[in-house]
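No lab work stands behind these numbers, since they all come straight from the coordinates. None of these values were measured; they are calculated from a predicted model. All Cβ positions, glycine included, derive from the backbone under ideal geometry; neighbour counts span all protein chains shown.
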Amino acid sequence: MTQLIAVLPGDGIGPEIIEQAVRVLTALGESFTIEQQPVGGAAYDAAGHPLPPATLDLARKADAVLFGSVGDWKYDKLERALRPEQAILGLRKQLGLFANLRPAILYPELANASSLKPEVVSGLDILIIRELTGDIYFGQPRGIRTAPDGVFAGAREGFDTMRYAEPEIRRIAKIGFETARKRRGKLCSVDKSNVLETSQLWKDVVTDVAKEYPDVELSHMYVDNAAMQLVRAPKQFDVIVTGNMFGDILSDQASMLTGSIGMLPSASLDESGKGLYEPSHGSAPDIAGKGIANPLATILSAAMMLRYSLDKPAQADRVEAAVKSVLAQGLRTADIYEEGTTKVGTTAMGDAVIKAM
Ligand code: NAI
Ligand code: MG
C-alpha cells in the first residue's frame, strides 16, 4: 500500500516553504500519495473554521501530516475558537499527539549564529522530547482561592497540580528509547525527583522501561542541572526525555543554542508512531509572499517524517545530507546570510536541495 501524506500548508510563509518540502519529497521517487487541505486562517477564509472536517479527515487517515504554519494578525479579532492557532491544538488533541520532538542542530557552517562559542556548540545535534498532554499545565485541582491554612491563611493563593499517571510516563519513555535507538543510542531522562513525587514516579517508570531497551544507555539528570549542562556542554546529550513543563523550557532553551529559527524542524507523535511534522517557527507574516523564507526547517521536518513515521531512514539521511551539502556550498537564505556566502530565495534553496540529493 502506498503511504498517504497529508499536507497542510496554512498561512503566511506556510505555502511557500511547504511547496519546497513537497518538491523534495516528490524528488525522492517514492510512491507516496500526497494530498493537500487548507488549515488555519486559510481554512477559515475558505470554510469558516481553522480545522474544517475535510482537513481533519485527511489528517486522520494519513500515515503522517506535514504542516506549514498558521497565524496572521488579520485574524486577531476572531473569537478564540476560530483563531488559526486553534488548528494545531485541535490536531494534537484529535490525533492523540502526546510526544513533541524538537531537535537542536547546529551545522558547522552556521556556528557563528549561536550565542555560544563555536567550539562548544559547532556540530551540535541533540533532540529534546517533551511530553505534551499531562503535567502541571493540565492537572486538577487548580485555581485561585483564599488560602485555607499555612502562614498565609486568609490571603489569596494560586495553586496548580503536577500529575503524571504511570501509563502516561511509560508511553513517552518508550518514544524516548525508540528515538534514541534510531540515533546515537543515549537517552537522558530529566526530572526533579529530589523534591517532586511526580518526578520520583517518572524516574522509577523510565528505569523500568529501560529493561526493554538494553541497547540504549539511560542516564538521569535533575532539571536545574540539565539547564546548566545545556549551555555548558550541550554536545554531551543525544536524546533528552522530560515532562511537559520542563520540556517546554528546555526545548526553547536548546533551540536558541543554534540561533537560527528558520532551520529547526519538529515532530509530534502518537502511540503508534504516526505524527505531525512542522517547522518550529511560525508563519512569519512580515516576510510572507516575498519569496525569501527559509524552507530548510520544513524540508528537515519532512526528513523527520521519513525517519519516524514512514520508516524510510535512508531517504531521511539523503534529505539531511543534501541540506548539509547546500550549506557547505555557501547557499543561504536571508535569515542565515553572512558575508562571503551566497544569498538565495525560497525556491532556489529548494532547487539546490533537490540537486544535492
Ligand atoms: P515567527 O516564527 O513566525 O517569526 C519570528 C521571526 O522569525 C520573524 O521575524 C520571521 O520573519 C522570522 N522567521 C520565522 N520563520 C522564518 C523562516 N522560515 N525564514 C526566515 N525567517 C523566518 O513568530 P511570530 O512572529 O511570533 O509569530 C507570527 C505568527 O505565527 C503568529 O500569528 C503566531 O501565532 C504564529 N505562530 C504559529 C506557529 C505554528 O504554526 N505552529 C508557531 C509560532 C507562531
Ligand atoms: Mg514554549
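Observations on the model:
- Rounded to the nearest 20, the Cβ-based charge dipole of the chain about its Cα centre (Lys and Arg +1, Asp and Glu -1) stands at 180 debye.
- Beta bridges by DSSP in the chain, antiparallel share as percent, to the nearest 5: 40
- Residue-span extension gain [residue 153 to residue 197] - 0.36 nm each, minus C-alpha spacing: 13.4 nm
- Among the listed pairs 182/343; 312/343; 117/186; 182/211; 61/211; 211/274, those beyond 26 Å (Cα-Cα): 182/343; 312/343; 61/211
- Three-way shape label, the range 34-79, alpha-carbon gyration tensor, a/c 1.5: prolate
- Relative protection proxy for 273-283, 175-185, from highest mean packing down: 273-283, 175-185 (other beta-carbon atoms within 10 angstrom).
- Coupling constants for the range 288-299 follow from the phi torsions by the Karplus curve (6.51 cos²θ - 1.76 cosθ + 1.60, θ = phi - 60°), and in residue order they are 4, x, 9, x, 10, 5, 7, x, 5, 4, 6, 5 Hz; glycine and proline get x.
- With eigenvalues of the C-alpha gyration tensor scaled by 5 and rooted, the range 87-191, Å: 36, 21, 14
- Of the residues 49, 301, 139, the one whose Cα sits farthest towards the positive end of the charge dipole of the chain is 301 (charges of +1 on Lys and Arg Cβ, -1 on Asp and Glu Cβ, taken about the Cα centre).
- Set against the 2.2 N^0.38 Å expectation for a compact globular protein, the range 1-71 has a Cα radius of gyration ratio of 1.08.
- Using only side-chain charges placed at the Cβ, +1 for Lys and Arg and -1 for Asp and Glu, the dipole size of the range 44-118 relative to its Cα centre rounds to 240 debye.
- Inter-centroid distance (Cα atoms) of the range 294-329 relative to the range 62-132, Å: 16
- Listed residue (164, 210, 126) projecting farthest to the positive dipole end of the range 125-256, Cβ model: 126
- Residues 228, 357 in ascending order of nearby Cβ atoms (within 10 Å, fewest first): 228, 357.
- From its DSSP helices (H runs of at least four residues, each -39,500 (n - 2.57)), the chain gives a residue-normalised ellipticity at 222 nm of -11500 deg cm²/dmol.
- Against the main long axis of the alpha-carbon atoms of the chain, helix 313-328 sits at an angle near 70°.
- Solvent-free Debye calculation, one equal scatterer per alpha-carbon of the range 25-127: log10 I(q)/I(0) at 0.15, 0.21, 0.23 Å⁻¹ equals -0.81, -1.00, -1.09.
- About its Cα centre, the range 125-256 has a charge dipole of approximately 280 debye under the convention of +1 per Lys or Arg Cβ and -1 per Asp or Glu Cβ, with nothing else charged.
- The P(r) of the range 125-256 has a tail past 19 Å containing 51 percent of all C-alpha pairs.
- Kirkwood Rh, angstrom, the chain [1 / mean 1/r, Cα pairs]: 21.2
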